[in-house]
Structure formats: C-alpha cells, structure tokens
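Asker: Here it is: the structure, laid out below.
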Amino acid sequence: MVKSFQIFIALLMIEISIALWGPIAWAYEDLTEMSLEELLDVTVEVASKKGEKMSDAPAVITVVTRKEIDAFGAISLVDILNRVPSLQHMSSHLWVQAKPVIRGDLIAHADNHTLILINGRPFRDALEANSNFALYTAFPLDLIERIEIIRGPGSVLYGSNAIAGVINIITRVPEEENEARVTIGGGSFGATLGSATAFASHKEWKLAVGFNYFKEDGWDFKAYTNSPGPSGGPVYGEMKYGEFNKGLGALLEYKRFRAQLYYSDVKYDSLGVLTSWSSEGYVAGKRLFVDLGYTHPFTESWKLNLNVTRNSWENRLVSQITGNDPNSADATVFEGSISGHFTEDTNLVLGGLSEIRESKGTSGVIPDEYSEHHYSAYLHVDHRPLDPLKLIAGAQYNQTHSGRYRTVPRFGAIYDFNDSIAVKLLYAQAFRSATPLEEYIDVPNLIGNPDLAPEIVTTVDAQLFVNTARAQYTFTVFQSHYTDLIKRIIVPPANQTFVNGGEIDILGAEFEAKGQMSETLFATGSITYQVEDEKDKTLFIPSYMAKAGISYQKGHWTVGLFHSYFGKPRENEPLGGLTLNKEARAINLLSLNTTYRFHFFRPMAINVYGSNLLDDDMDYTEFSMGWVNTLPIGPGRAVYGRLSVEF
Amino acid sequence: MYLTYGCRPLWIVKFCWILIVLWIMAVDVLNVQAQSQELPEYAVKAAFIYKFTKFVDWPAQAFADPKEPFSICVLGKDPFGNVLDQIFSGKTVNGREPVVKRSNSVEELKRCHILFISSSEKKRLARIIEVIKFAGILTIGDMDQFAESGGIIGLNEQDKKINIEINVDAVKRSDLKISSKLLIIGKTVSDGTAR
C-alpha cells in the first residue's frame, strides 16, 4: 500500500508540472497566430466564474458543487464529506456518523470543533454543541446548491466552534421555472429511502422545500468490550446498527427578506455512553433551526444584514444504564452587520451579535434551569494597496456570560502573480466557548465547572493556488496550535470535573486538484499529510489521506467513481489491555455512482449507488475512552437503487 | 472466524490509483493539443488587442519620434495579470517596440496608443472618455455598454465567445483609421455624438 501511495504521489507531481506549465506556455503563442475570425470562434472560460473568488478568499476553502454531488452520488452528507480533502467522518461508541474530523482534530468525540452553517447561519445547539448528527444523516441532498468547507479557523466571522473548520451548506434558490422531484428507493441492510423536493417562484416570491427519509435495519456491529469497566473481563457482543432519519428543509425569499427552516428527527443504534455492552441502546435526536433575515441596501456599495437564528435541540440516550435520558436546550442569536466597500480596493464587514443559551430544566444531566447571554463584535477589512496584493485583517471580540472575554484576530496576505498563480499566507485564531454541559452537568461522579475559559486554536496557513485553462490546483501547508483545551480531571476521591489545560500541535500539508478535463470528464483528487507534534502523541489519527474521483457525463448517462484512502491511525494502549478486536488499519472507501435519465410520461432517472465497494473493514482505534483497542466505525459494502420522477 | 483478517483485493486499490492519475494526465496533456478547448477569457482578449494593431492606423502625430515605443496601457484594476506582457513579448507593432503600462491615473496614460479601460473604472468612464477622446488613443474595454458609452472597441463575452463592438462615432472623433475588415467582423454601434 505504501508503495502504491508513493507511486500515486509521484504521478501527481508530474501531473502538476504538466498542468502548470504546459497550457500556459502553449496558449499565448498560439493565440497570436490565429486570425480574427478564429479568435472570434474560440470558446473562453470566464475567469470570474472559475476559482477567482476561491483564490481571493481569506481562508483555505474547498467547494463541493451540485454537479459533483450528482456525479459521485451520496446517500447522506457523510458520503460527501468523506471525499473532502483532509476530512474523515468519524463515529465513536456513542455518536455514530457524527463527527467530521478536519485536519486531524480528533481531540474529543464531541462534534464541537467544526461549525456547521446553513446558508451562512449557525447550526449550533445550546447544550453540548454536539448534535449535528441530526443534520449529517438527514439533510435533503437535493436542496443543496454547493457546500463550502473551510479548513482552519473561522471564528472571526462565525464565532464559537469554528476551530478545525467550517462547513457551510448553501441551498438552491428557485429559478424562474417551477420544478419538483420525488425519489424512492431501497438497498443494503434493509434500507428504504425517499425524498421529495419542490422549487417554485412567483414574481418576487421564491420557495424551496425538501424532505428526506432514510430507514435502515442496520449493519452488523461486532466487538469485544469490557464489562463493566476497563478492568472488567472481555465480553463479545453483536448488534445491528440501524438508523431512522427524517429531515425537512425550506427556504422562502421575498424581496429583501429570507426565512429558512430545517427540522430533523433522527434515531440510531449505538453502543452507548460506555465502550461496554452494558450501555447498548439508541440515540434519538431532534433539531429545529429557524432563521429570519433581512438585507437593506443603503447604497450601491453598502448594505445592512439583520438575522435572528434559533436552534432548538432535544435528544435522548436510551439504554439499560441510562434509562430514557432526555436533554433539551435552545439557543437564539440576534445578529446585525454592515458590509460594503469604500473603494473598489477596500472592503469592510462590521457586525455584532447577542446569543442566549437556555434550558428550562428539562435536561437529564443538568437539573437546573439556565439562561446565558454571550456577546460578540467583529470586524473584517481587506485592502489592495497594489493591484496584485490583497491584505486582510479582522478580529472578533467575544464575551461569555461569566464575564470572560477574548479577542481572536486574523491576518493575511494574498498575492496574485498573474491570472494563473496566487499565494496566500494566513494567520488566524478561533475559539470554542465552554458548553452548558461542561459548565453545569451534575451527575454521579461528574460535576460541571462554570468558570471555564474558551478553547483557543492558532493556525498558520500558506497556500499556493494555481488556475490552468481547465483545472485548479492548491498546495497548502498548515500548523495549528491548540491551547486551553477543556478536559476532564479526577477530583479525589472519585469525582470528575472539567478544567482548562493541555496543548496540542498539529501540522500538515495538503494538495488538492480539480478540473473539467473535457466536456464529459471531470476529475478531482487530494492528498493530505498530517501529524501531531512529537511531544504530544495524544491523537489517534492517520498520517495520510488520499482521495481521487473521476466522473463521466454524456447524454442520458452519468457515472462517477470515487476512492477515499484513510491511512492507518495511531494505535492506543487499552487501559485494561483488551486487544481482542481487529487491529486498527487503513480504510479504503470506493464508491460508484451510475445514473440513467430517460423520459417515460415524465422525465425520470434510475440511480444505482454503491459505497465501500471493496467491503473494507472499518476498524478504527477507539479514541474516546481507551478501554479497547478498536471499534468498527462504519458499514461494509452497500448498494442502493433509486427511481426519480420530475414534475 | 470473525476476528481474523479477510482477504482484501488490494490490487484493485492500486490499480484504481494508477488508472485515475494516468487518466487525468492523459486528458490534461491531450487538452494541451486540443483546438476546441476553453481558454482563459483574458488571454483571448489580450490576443484580440494584439490583433487590433494590425487593423488600425494611428495618426503620425500620435508618435513623438520614429523611435517612440508603442504603448499598450491598462487603466484601473488589471484583469490580465501578465498575459498582455506575454502576448506582446518579442513582437513589434508597426515597427515599434511594444511597451505595456499600467496606472490608475488617466493623466499618466494620455500618451498611450491603446488604452484598455478596466471595469473598475466604470463609474468614471464618461470623464475618462472626455479627457482622451481626441488624443489618437484606441480605447478598448469589456464592461457592459462600453462602446455605446463612448469607448471605441468593446470586447463582450456572450455564451463563452468574445464579440467585438465598434463605436463608429468614437472612431471618427479619434483620428484613427480602422480597417474595413475589422468593421465587417465587428458589430458597429453609435453613441449619437459624431461631430
């Protein structure tokens, strides 16, 4: 495997060289030899529509387009995210398919280091900041226009949790023609699935609605675990990891107003709160996200944005040892910002927000009511002192309910050598406020700490961005330094609590390539090298990831093949010495997507999508509790068939 | 037995890696040879600018002396990068050495022979045109309604092809002579201000 990986890298380096210098050197000479008539017949690639914004953006960004989603296929966001450079979607013993790990940030099994946005608005729960599984497996994919993934800090504009990255889901806005689509299907592990989407517009009203349904009896989860604790003897068990997910998304626009909604009801089987068969059960979660927005243009150059965003959250951990453990909380964000430009060369965003996190004492782990007020103010400025040079500066001031405050800055410079080549140098900090769970939890042996400071990450990125006639290439090196991490400590004799402490350094390099190679062929690929600083060695992450996909689209047919390789993660040393499960290993996920479109009374499509076609075992180092060596984190080979009808 | 390794078809994995990369390489290399591929918008526009020098005659007074270089200038935010420089590199224009200049000041560019007015100057286009309209300068732009607004040649992208619009009134004002071939190929427009 290592040898083939080396061959892959070598071939890619050759490819980069050809891509960089071949078309550039060739094109200009030949163009001047053409006649005027021939020049008029040349098809041009319009620069403003291709990559220019990405190279100009003050962050390291990957954009997954609607076209890529259709080409490579997916059952849920989990499939899509696993194809993104430097991202591995992770499961723990409790949270299944619930954590996108970006750039090796597997510091905890809680999903609170990646901020999810829906059309730029925060999808963040008010108890654990950890319940995004209700989105990953239930969001209606047909609603998505594109997904923007920022690797690295994003707190200056987006606030808490944007530590390892930001995932912004941009939904489709209806065009002039009304359209609707209904899809039904089924597949492996007893899966039944369906979706319905509708897009309508009338005068200045625009409406998009999508519903997604997925039910699966489940794949076989088999493992030895300890019982009842790390020193207990090994107990072998098997269970079906099933799912039942429903998601509803909607967007309504009228003139300068926009309303959006996402509701999901997700239930999945899980080993539970311990890596022990004694906690076997299921997790059920509901999320309601509502955002109301208004944009007021003062002038051609300046506008005011106002938003109210509410995230309501409820989940239950159901097992023999937890009983029916319900938790719920709400978060409401009031935000206003002004954005615009003084000149063509200077842009500014200035904003502020107030967030209220509250619970009415309905959480099983937090018996008392709470209501917290957090405040933030942010400023972003970019300026071009020279035509090819863009300078970026920004900061967010954040004050928690306990009076703690912190300002996180970012600075950057982007230099365009020419239309084809640019470099970025970025420095940014981001933070994660302590969650109410970490502050107020009151259960046997674990007491919260209301005086926790935010976790902080400081990241430096350097990126080379290359645009050729048909493709984009980026090469990025990064280093992230985490401080004030919130971790558990034991308070003698037997209690635990949370404190700030510990530092982690992660560094790495990323290469990404993407291009429309011809009218019918699209190709994309990435390689990631990531490593934790030698002195730490606390993270159970792979050193390498490599991903590549090709798709073919012509006439009635679309075929997409994608392969994601995740290297072998670092092994743990189980507390109880239990190493009876399979060793941690590299994971190869190969997917094939085939769609045939035809007309039979109505426009229709048949789709067959296969995931993990190599039937690779997904045994990953148990990274959360450390009682056993590994646990399975995902299913084997699965094939799904779908039929779509358009109206 | 459950807890033993199964046989994994690793050869498929290796094969996929190599196949995919070879395929991408082959397609990209083939694209270099392809005649019908898409080319960067501003590389094509720069080639048009070079070609225009073959179909336009500048008045003698546009040059101070026989050795004065031929100046191709960009006013405002430069969308070409170094493409213009590369297009004109190693060539001559009517026996003169071409020089590419860039500035945000109209005054600094009044001795240019070709002036590309960037879209960033849209708001002050009328004032720019007023300053240079009799100066023997071939004004070129790609902002909307450039030729109709008083510029001489507009390069407009439509359906991924570049169209040429020529403002005949602006040509008359400028003392430039434009070949009939260019007038036939381009679409002629008027701003209704011919003197």
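No lab work stands behind these numbers, since they all come straight from the coordinates. Treat the numbers as computed from the prediction; the structure is a model and nothing was measured. A quick note on method: Cβ atoms are made from the backbone with ideal geometry, for glycine too, and the neighbour counts reach across all protein chains shown.
Asker: Nearest 10 degrees, 0 to 90: what angle lies between the long axis of helix A:2-33 and the longest principal axis of chain A (Cα atoms)?
Answerer: Compared with the principal axis, the helix lies near 20 degrees.
Asker: Have a look at A:LEU207, A:VAL381, A:SER55 and report the one farthest towards the positive end of the charge dipole of the stretch A:2-646, computed about the Cα centre with Cβ charges (Lys/Arg +1, Asp/Glu -1).
Answerer: Result: A:LEU207, furthest along the dipole toward the positive end.
Asker: Between A:LEU292, A:LEU391, A:TYR482, whose Cα lies farthest towards the positive end of the dipole of the stretch A:2-646 when Lys and Arg beta carbons carry +1 and Asp and Glu beta carbons carry -1, centred on the Cα centre?
Answerer: The residue sitting most towards the positive pole is A:LEU292.
Asker: Quick check: the distance between the Cα centres of the stretch A:328-400 and the stretch A:422-485, to the nearest angstrom?
Answerer: That distance is 16 Å.
Asker: Calculate how large, on average over all directions, the projected area of the Cα convex hull of the stretch A:508-623 is; give the answer in nm² to one decimal. Can you show the working numbers first?
Answerer: Numbers: hull surface 40.5 nm².
Hull-based average projected area comes out at 10.1 nm².
Asker: Still on this structure, please answer the following. Which entries in B:LYS110/B:LYS172; A:LYS206/A:LYS246; B:LYS133/B:LYS161; B:LYS101/B:LYS181 show an alpha-carbon gap greater than 21 Å?
Answerer: On the way: B:LYS110/B:LYS172 18 Å; A:LYS206/A:LYS246 24 Å; B:LYS133/B:LYS161 28 Å; B:LYS101/B:LYS181 28 Å.
Over 21 Å Cα-Cα: A:LYS206/A:LYS246; B:LYS133/B:LYS161; B:LYS101/B:LYS181.
Asker: Which percent, nearest 5, of DSSP beta bridges in chain A are antiparallel? Walk me through the numbers before you get to the answer.
Answerer: Numbers: 289 of 297 bridges.
Roughly 95 percent of the beta bridges in chain A run antiparallel, per DSSP.
Asker: Please report, in debye to the nearest 20, how large the charge dipole of the stretch A:2-646 is about its Cα centre when each Lys and Arg carries +1 at its beta carbon and each Asp and Glu carries -1 there.
Answerer: Values: 55 positive and 76 negative charges, 180 e Å.
The dipole of the stretch A:2-646 has a size of about 860 debye.
Asker: Right, next: Starting at the first residue of the stretch A:575-586, write each ³J(HN,Hα) from the Karplus equation 6.51 cos²θ - 1.76 cosθ + 1.60 with θ = phi - 60°, in whole Hz, x for Gly and Pro.
Answerer: 4, x, x, 7, 10, 6, 6, 4, 5, 4, 8, 5
Asker: In percent, what relative contact order does the stretch A:2-646 have, based on Cα pairs under 8 Å that are 6 or more apart in sequence? The partial results should precede the final answer.
Answerer: Values: 1791 pairs, mean separation 76.0, N = 645.
The normalised contact order for the stretch A:2-646 reaches 12 percent.
Asker: Would you work out if the stretch A:134-260 is rounded, prolate or oblate? Take a ≥ b ≥ c from the square roots of the eigenvalues of the alpha-carbon gyration tensor; rounded if a/c is under 1.5, else prolate when a/b is larger than b/c, oblate otherwise.
Answerer: Working: a/c = 3.96, a/b = 1.64, b/c = 2.42.
Oblate, because a/c is 1.5 or more while a/b does not exceed b/c.
Asker: Okay, next question. Can you tell me the length gained on complete extension of the stretch A:ILE447 to A:GLU179, counting 0.36 nm per residue apart and subtracting the Cα distance? Before the final figure, lay out each step's value.
Answerer: Numbers: separation 268, 0.36 × 268 = 96.48 nm, distance 5.30 nm.
Gain on extension, A:ILE447 to A:GLU179, equals 91.2 nm.
Asker: Can I ask one more? Okay, which of the stretch A:168-196 sit inside 19 Å, backbone N to the point 7 Å along the Cα-Cβ direction of A:MET604?
Answerer: Hits in the stretch A:168-196 for A:MET604 at 19 Å: A:180-187, A:193-196.
Asker: OK, next. Report the normalised scattering of chain A as log10 I(q)/I(0) at q = 0.10, 0.12 Å⁻¹, calculated by the Debye formula with identical scatterers on the alpha carbons.
Answerer: The Cα Debye sum returns log10 ratios of -0.97, -1.46.
Asker: How much length is gained on full extension from A:THR538 to A:HIS296, taking 0.36 nm per residue of separation minus their Cα-Cα distance? Show your work: numbers first, answer last.
Answerer: On the way: separation 242, 0.36 × 242 = 87.12 nm, distance 4.87 nm.
Gain on stretching A:THR538 to A:HIS296: 82.3 nm.
Asker: Within the stretch A:226-305, which chymotrypsin sites (Phe, Trp or Tyr not before Pro) sit in a loop by DSSP and count at most 16 neighbouring Cβ atoms inside 10 Å?
Answerer: Working: sites: A:TYR236, A:TYR241, A:PHE244, A:TYR254, A:PHE257, A:TYR262, A:TYR263, A:TYR268, A:TRP277, A:TYR282, A:PHE289, A:TYR294, A:PHE298, A:TRP302; in loops: A:PHE298.
Loop-located and lightly packed - A:PHE298.
Asker: Remind me, relative contact order of the stretch A:134-223 in percent, using alpha carbon pairs under 8 angstrom and six or more residues apart? Numbers along the way, then the final one.
Answerer: Numbers: 160 pairs, mean separation 23.3, N = 90.
After rounding, I find 26 percent.
Asker: Compute the longest continuous run of chain A that contains no exposed GluC sites (Glu not before Pro); treat a site as exposed when its DSSP state is not H, G, I, E or B and it has at most 15 other Cβ atoms within 10 Å.
Answerer: On the way: sites that count: A:GLU175, A:GLU176, A:GLU177, A:GLU204, A:GLU300, A:GLU369, A:GLU503, A:GLU519, A:GLU534, A:GLU571, A:GLU583.
The longest such stretch corresponds to A:1-174.
Asker: Give the residue list of chymotrypsin sites (Phe, Trp or Tyr not before Pro) in the stretch A:573-613 that are DSSP loop and have at most 13 other beta-carbon atoms within 10 angstrom.
Answerer: Details: sites: A:TYR596, A:PHE598, A:PHE600, A:PHE601, A:TYR609; in loops: A:PHE601.
Passing both the DSSP loop test and the Cβ count: A:PHE601.
Asker: Moving to a separate point now. Lysines within cross-link reach of A:LYS582: Cα-Cα under 21 Å, excluding same-chain residues under 8 positions apart?
Answerer: A:LYS222, A:LYS240, A:LYS568
Asker: May I ask which residue of A:LEU252, A:PRO569, A:SER359 lies farthest towards the positive end of the charge dipole of the protein assembly as shown, with charges of +1 (Lys, Arg) and -1 (Asp, Glu) on Cβ and the Cα centre as origin?
Answerer: A:LEU252
Asker: Looking only at trypsin sites (Lys or Arg not before Pro) in DSSP loops with at most 12 other Cβ atoms within 10 Å, what is the longest site-free stretch of chain A?
Answerer: Values: sites that count: A:LYS203, A:LYS255, A:LYS360, A:LYS535, A:LYS537.
Longest run free of exposed loop sites: A:1-202.
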